[in-house]
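Below you'll find the structure, written out as C-alpha cells, and then a few comments.
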Amino acid sequence: MDSRRVWRYTASVGVLLCSLASSALGQRAPEATSAVRAGRLIDVRTGRVTTNAYILIAKDRILRIADSAPAGVPTIDLSRYTVVPGLIDAHAHVLGNPKDQSSASGLRMSSAQKTLWGVHNLQTWMDHGFTALRDAGESDLGYGQLALRNSIESGLIRGPRMVSAGNFVSVTGGHGDADVLAPDQQLAPRPNIADTVDDVERAVRRDIKYGADWIKLMASGGVLDPISDYRVEELSEEQMAKAVEVAHRAGKKVMAHAEGAAGIKAAVRAGVDSIEHGTVMDEEGAQLMEQHGTWLVPTLFCFQHDLQTGLSQGRDPVSFAKGVAIVKEQGPAFKRALAHHLKIAYGVDDDPDFVSKEFGALVGGGMTPIDALRAATVNGAELLGRSSEIGTLEPGKFADIVAVEGDPMADITVMEKVVFVMKGGEVYKRVK
Ligand SMILES: [Zn+2]
C-alpha cells in the first residue's frame, strides 16, 4: 500500500470512528469551518505535489484534504502559491536582543527585559512561517523562556508553539558559564554550573522543577563566548549520563551542544537525544550517532553568517577568531552526517530575522530540497515530541499552514519569501 492510500485508509477509519463516537453522543461529525485553497500542496512525507488542493479546517484542526470546498465555507485563496506545513525551528534562543553579540549582553539585561525582547522576537519567527520552535536553552535564571511558552499556550500572548530547555548546564569556564568577568570581580555562584556528577543532578533537577521540557548540556566548548575552546570536551561522559538518567526518569529529553569530536562522541555514548551543531564531527562520531539513532541539528547558517557580521554587533575578537576557524570544519562534517543518513532537524541558532536562511545552507551543504523541508517540518515535529499535532498537513493535526511564492523544490531559497501564515486555524500573516 503506498503512503497516500495508507493516509486515505487511516483518514477514513478516523472518520468512521468519529462518526460512531458522535452518533453515540448524539452529535454530528465535525464540519469544515474554513478552507485554504492551495495552488500547489507539498506532502512532506512523500514529496508529492498536488495542484489545486483544498485543506478543509474545523476550528483549529485539519479535517481533510479535498479537491473542493463545500459551498458556503469561507475559503482563503492561495492558488498562486505553494503551501507547506507550519515550519519548526529546533534550535532557537528566544530571549534578549539578538543583535547584541557582546559577551556581557546577558549580564546587562534583567530577566524581565530579556523576556520582553522574547515577546518581540517570537513575532519574527511567526512572520517567517515558524509556527513552532524548541528553545535550546537560555542564560536566564528567571526562566523567561518558560514564561513565554506558558503564556503562548494559555493565549496570553501570540507566538509559535514552544517546547523549551532550561539553563545551560556547563562546567566552570565552559560554553555556558555567563561569568566572563575578571577573577576578582566574580559573579555569585550560579546553579547551572556543574563540575561534578552531583552538581549535574542538582542543576537538572532545578530545570525540571521550574518546568523545562528539555535539558541543555554543554558537551564541548563553543564559539560565541570569549573563554571556552570548541575543540575540547567539557562535561564528562559520566556527568552527561547522569543528566540523561535524571531527565529521562522525569519524562524530559536531553540536547547537547557539541562542536568538537570528543564532546560529540561522549554525549552520544551518554545517551543524549540530540546533538546540536556537530560542527567538527568525525567519522567515528557519525557512526556512533547512526547506531544510537541520535538526532543532529546542524545549524550551518549561523556560522557562515558570523563571517558577514564580523565585529559589527559587539562581538569579542577572540570569539570572532574562533568563528573564522570553525566554519571550515562544517562542510566535511555535514557530508558525513548525510552519508550516515542521520536524523536531521532544522535549527537556526541565530537572529530570527535570518531564520529562513538555514534552508539554503542545508541544500548548499548537500541536502535535497525535500529533505530540507522535512528537517523543518515532519522531522522537527518528531524531535519536539509533537508528531501527533504538527509537522504535516494531515487530518487531526493543527491547521498550521504556510505559503511561499515559487517552488521550493526547484529553489529552496523561496522559503525566505513566506506570504501567508496560519497557526491553529488563525491567520497571522495575510497575502498582501
Ligand atoms: Zn544555541
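The values are calculated or read from the model by the stated rules, or taken from the named source; none is laboratory data. None of these values were measured; they are calculated from a predicted model. These accessible areas exclude ligands, DNA and RNA; they are computed on the full protein's heavy atoms, side chains included. Shrake-Rupley method; radii C 1.70, N 1.55, O 1.52, S 1.80 Å.
A few remarks follow.
- The shape of the stretch 43-160 comes out prolate: with a ≥ b ≥ c from the C-alpha gyration tensor, a/c is at least 1.5 and a/b beats b/c.
- Of the listed residues His91, His128, the order by accessible area with a 1.4 Å probe, largest first, is His128, His91.
- Surface share of carbon and sulfur [accessible, 1.4 angstrom probe, percent] for the chain: 53 percent
- Between Tyr210 and Ala325, the contour length at 0.36 nm per residue exceeds the Cα-Cα span by 37.7 nm.
- Full-stretch length increase - Ser79, Val318 - with 0.36 nm per residue and alpha-carbon distance subtracted: 81.0 nm
- Report summary: the helix-based calculation at 222 nm, which adds -39500 (n - 2.57) for every DSSP H run with n ≥ 4 and divides by the residues of the chain, gives -11000 deg cm²/dmol.
- Each of Lys209, Lys99, Lys432 has its accessible area taken with a 1.4 Å probe; listed largest first, they run Lys432, Lys209, Lys99.
- Radius, Kirkwood style, for the stretch 244-285 when every pair of distinct Cα atoms is counted (Å): 10.4 Å
- Between the amide H of Ile215 and those of Lys253, Val254, Met255, distances stay under 5 Å, these residues lying 5 or more places away or on another chain, with hydrogens modeled in the peptide plane.
- Normalised per residue, the accessible area of the chain is 41 Å², obtained with a 1.4 Å probe and no contribution from ligands, DNA or RNA.
- Remark: the stretch 419-432, residue by residue, has Karplus-estimated 3J(HN,Hα) of 10, 8, 9, 10, 10, x, x, 9, 7, 9, 9, 9, 5, 7 Hz, where x stands for each Gly or Pro and the curve is 6.51 cos²θ - 1.76 cosθ + 1.60 at θ = phi - 60°.
- Between the stretch 101-125 and the stretch 279-299, the alpha-carbon center distance in angstrom: 31 Å
- Prolate/oblate/rounded label for the stretch 284-432 (Cα gyration tensor, a/c 1.5): oblate
- Solvent exposure, largest accessible area first (probe 1.4 Å, DNA, RNA and ligands not counted), of Glu382, Glu31: Glu31, Glu382
- For the residue pairs Lys209/Lys397; Lys322/Lys429; Lys209/Lys335; Lys99/Lys417; Lys99/Lys429; Lys59/Lys429, the C-alpha atoms sit more than 28 angstrom apart in Lys209/Lys397; Lys322/Lys429; Lys209/Lys335.
- Note on Met162: accessible area approximately 10 square angstrom, rounded to 10, probe 1.4 Å, nucleic acids and ligands left out.
- Between Leu224 and any residue 5 or more places off or on another chain, the built amide H atoms are never under 5 Å apart.
- Binning all Cα-Cα separations of the chain at 20 Å, short to long from zero, yields these whole-percent fractions: 26, 56, 17, 1.
- Cα gyration tensor shape of the stretch 329-410, rounded if a/c is under 1.5, else prolate or oblate by comparing a/b with b/c: prolate
- For the stretch 190-208 versus the stretch 356-432, the gap between their alpha-carbon centres in whole angstrom: 36 Å
- With Cα atoms, 0 to 90° folded angle of helix 197-209 axis to the chain main axis: 40 degrees
- To the nearest 10, the accessible area of Ser356 is 0 Å² with a 1.4 Å probe.
- With contacts taken as Cα pairs under 8 Å at a separation of at least 6 residues, the stretch 331-432 carries a relative contact order of 20 percent.
- Solvent exposure of Phe354, expressed as accessible area, is near 60 Å², computed with a probe of 1.4 Å over the protein chains only.
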